Ligand code: C2E
Ligand code: MG
Ligand code: MG
Ligand code: MG
């Protein structure tokens, strides 16, 4: 992605765009059998509430270990899964798996940890999307307010009314909606106002340039104020160092996610991350 390659580029694109046709076809071919062969796994990256220093939830991130291709990054295969519409099946699996896992964690800890799940616009456009989400909750027994759906600004490009009414309905059922990668896409403030979201996730590109660039600081502080005025929670993505965290804390940002706290971890890693929190209280973030 552009945002990971050059700090001053705000254009978002996908790794698969630069792939030779053959390589894309090859990935697509192996993607087709990946579902039935159980080659996908979810990893979970904690989100920490800055005010308390406690983990409040996790983002589910797909991992694909292909016996032929090895580990393939979602940055390389999600777009291909979208173009081939395989994302419909993959995304449904992600949703069910994430809800089931979080329900088991919440039963085990007795606490309402939240799970954030990335949703592709292709999934959202399906007629049975709402049904699949409600069904995932019902089957797992996870509380609706423990599920957050992460959508991106690409929804502004596709049948906006259709998707917004689905999101509104899900929100009315208590499910949370987050706008992911905020600031890199196409949103205008007038659209933002019409979206039934609960959370703004500020993209890593702004967090990366926080410490050295004054305009990034103003930008981040302005997003936080705007988000709060709209009644939204503001999360910073890709926080890698203590200076960034200190700035975000001072600026009243609600939550952070990033390598500073933890990389995405497999299931057993979630239990390990939550264990010290249960025994000693906050120890991830120091004053
Ligand atoms: P995203 O939803 O914005 O997820 C955040 C990405 O940033 C993840 O990359 C995460 O591992 C990475 N990250 C988190 N903290 C840091 C940090 O401090 N530094 C750096 N350098 N990176 C950090 P990942 O797992 O490779 O996923 C990339 C993208 O692929 C995601 O971006 C999301 O757009 C997509 N994706 C991942 N899983 C799914 C899924 O289940 N469904 C769909 N539709 N998309 C997914
Ligand atoms: Mg996300
Ligand atoms: Mg993001
Ligand atoms: Mg991203």
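Every number in this text was worked out from the coordinates using simple rules, so none of it is lab data. Small disclaimer: the values here were computed from a predicted structure and weren't measured. Neighbour counts are summed over all protein chains in view; Cβ atoms, including those assigned to glycine, are modelled from backbone coordinates with ideal geometry.
Across every direction, the projection of the convex hull enclosing the Cα atoms of region 191-287 has a mean area of 7.4 nm².
Suppose the chain between residue 29 and residue 252 were pulled fully straight at 0.36 nm per residue; how much longer would it get relative to their current alpha carbon spacing?
Values: separation 223, 0.36 × 223 = 80.28 nm, distance 4.65 nm.
Net length gain for the segment: 75.6 nm.
Full extension of the chain between residue 189 and residue 211 gives 5.3 nm of extra length, using 0.36 nm per residue less the Cα-Cα distance.
Roughly how many Å is it from the Cα centre of region 120-175 to that of region 16-84, as a whole number? Between the Cα centres of region 120-175 and region 16-84 lies a distance of 20 Å. Beta bridges from DSSP with both residues in the chain: antiparallel share about 45 percent, rounded to the nearest 5.
Only helical DSSP H runs with n ≥ 4 go in: add -39500 (n - 2.57) per run for the chain, normalise by residue count and round the 222 nm mean residue ellipticity to 500 deg cm²/dmol. Before the final figure, lay out each step's value.
Numbers: 12 runs with 130 residues, N = 287.
Using -39500 (n - 2.57) per qualifying helix, the result is -13500 deg cm²/dmol.
What is the Cα convex hull volume of region 175-214 when expressed per residue in Å³?
Values: hull volume 3.3 nm³, N = 40.
Convex hull volume per residue, Cα atoms: 81 Å³.
Could you give log10 I(q)/I(0) at q = 0.11 Å⁻¹ for the chain, computed by the Debye formula over C-alpha point scatterers of equal weight, without solvent? Evaluating at q = 0.11 Å⁻¹ gives log10 I(q)/I(0) of -0.65.
Look at the alpha carbon pairs under 8 Å that are at least 6 residues apart: their mean separation over the length of region 167-276 gives a relative contact order of 21 percent. Extension gain for the segment residue 75 to residue 36, taken as residue separation times 0.36 nm less the Cα-Cα distance, is 11.9 nm to one decimal. Working from Cα pairs under 8 Å separated by at least six residues, relative contact order for the chain is 19 percent.
Spin-label pair residue 222-residue 268: with each label point 7 Å from Cα along the Cα-Cβ axis, the two points sit 4.8 nm from one another. Once the Cβ-Cβ distance of residue 157 and residue 63 is raised to the sixth power relative to R0 = 41 Å, the FRET efficiency obtained is 0.90.
Which whole number of Å³ per residue matches the convex hull of the alpha-carbon atoms in region 50-159? Display every interim value, and only then the final one.
Details: hull volume 15.4 nm³, N = 110.
Given the Cα convex hull of region 50-159, per-residue volume reads 140 Å³.
When N is the residue count of region 43-111, what does its C-alpha Rg come to as a fraction of 2.2 N^0.38 Å?
1.37
Here the residues 176, 278, 96, ranked from fewest to most Cβ neighbours within 10 Å of their Cβ, fall in the order 278, 96, 176.
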